[in-house]
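Quick note: the coordinates plus some simple rules give every number you see, no bench work behind them. In this text, all values refer to a predicted model and were calculated from it rather than measured experimentally. Here the Cβ is made from the backbone with ideal geometry for all residues, glycine too, and neighbour counts use every protein chain on show.
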Amino acid sequence: MNVLVINGTPRKHGRTRILASHLADTYNTKYIDLSSFALPLYNGEKDQQDIKEVKQLKEMALEADGFILCTPEYHSGMSGILKNMLDFLGSDHFKNKPVALIAVAGGGKGGINALNNMRTVVRGLYGNAIPRQLVLDPVHFNTDQRMLTSDGEDLVENVVEEFKFYLETAKRLSFK
């Protein structure tokens with residue numbers, strides 16, 4: 001299966017990057033790190049379609065069987081850089097494909113609004129956001145060692161297992 005993990009933080013050393021890197025490395029997926037993947041600010045103009053990174057993004061998204069979107073929560077929503085990336089894509093990239101949603105929060109009750117925000121946008125792209133979603137708090141990270149804690153890994157694995165079920169189901173039903 002061709003899965004595309006998106007690191008939706010602009011920060012080079014944030015917890016969302018630790019999460020996305022863990023996913024890509026552990027599950028051998030394709031990976032886009034938006035902290036270094038140079039997309040312009042989406043403006044809807046046709047000439048943006050000729051930009052190398054936009055072409056690369058669209059090609060990777062078309063080839064993907066599913067997506068795992070990772071974002072920090074910024075002001076009760078997904079990061080602006082993740083929303084900007086999604087604006088370059090359309091239903092032809094997401095239609096009938098499973099999408100797992102994971103937010104990284106600062107603690108307390110953060111993250112849920114970012115998940116809801118992503119779920120709304122994925123629905124607008126005709127993607128299938130899976131029911132299980134996850135918020136990881138600072139306690140789920142060992143930032144000194146740039147890794148998830150064992151509890152964090154277990155929570156992520158639960159989401160990935162459900163995501164795999166939806167990937168296999170989509171494949172059996174020939175959804176693309």
Query raised in the report: Where Lys and Arg each count +1 and Asp and Glu each count -1, what net charge lies around Glu73 among other residues with Cβ under 14 Å from its Cβ?
Result: +4
**Report entry** Shape metrics for region 108-155, restricted to C-alpha atoms - Rg then Dmax, Å
**Finding:** 13.4, 39
Query raised in the report: Using 18 Å as the cut-off for backbone N distance, which residues of region 150-176 belong to the label zone defined by a point 7 Å from the Cα of Lys95 along Cα→Cβ?
Result: 170-176
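Considering every pair of different Cα atoms, what Kirkwood radius, in Å, is found for the chain?
16.1 Å
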Report task. Can you tell me the relative contact order of region 21-109? Whole percent, Cα pairs under 8 Å, sequence separation 6 or more. Result -> 31 percent
Query raised in the report: If you take the charge dipole of the chain about its Cα centre, with +1 on Lys and Arg Cβ and -1 on Asp and Glu Cβ, which of Pro72, Val139, Gly127 is farthest toward its positive end?
Result: Gly127
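Any idea what the relative contact order of region 3-172 is, in percent, if you count C-alpha pairs under 8 Å spaced at least 6 apart? If you can, show how the numbers build up before the last one.
Details: 303 pairs, mean separation 37.5, N = 170.
Computed over region 3-172, the figure is 22 percent.
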**Report entry** Pair Asn28, Lys164: separation of 7 Å Cα→Cβ label points (nm)
**Finding:** 1.2 nm
Query raised in the report: If the limit is 31 Å between Cα atoms, which of Lys12/Lys58; Lys12/Lys109; Lys109/Lys171 go over it?
Result: Lys109/Lys171
Requested in this report: Sort Leu34, Leu134 so the one with the fewest other Cβ atoms within 10 Å of its own Cβ comes first.
Outcome: Leu134, Leu34
Query raised in the report: Reachable lysines from Lys52, Cα under 21 Å, same-chain residues fewer than 8 places away excluded?
Result: Lys30, Lys83
**Report entry** Positive-pole candidate from Met118, Ala100, Tyr42, dipole of region 3-172, charges at beta carbon
**Finding:** Tyr42
Requested in this report: Check the straight Cα-Cα distances from Lys164 and name the aspartates and glutamates below 12 Å, setting aside those fewer than 8 residues away within the same chain.
Outcome: Asp65
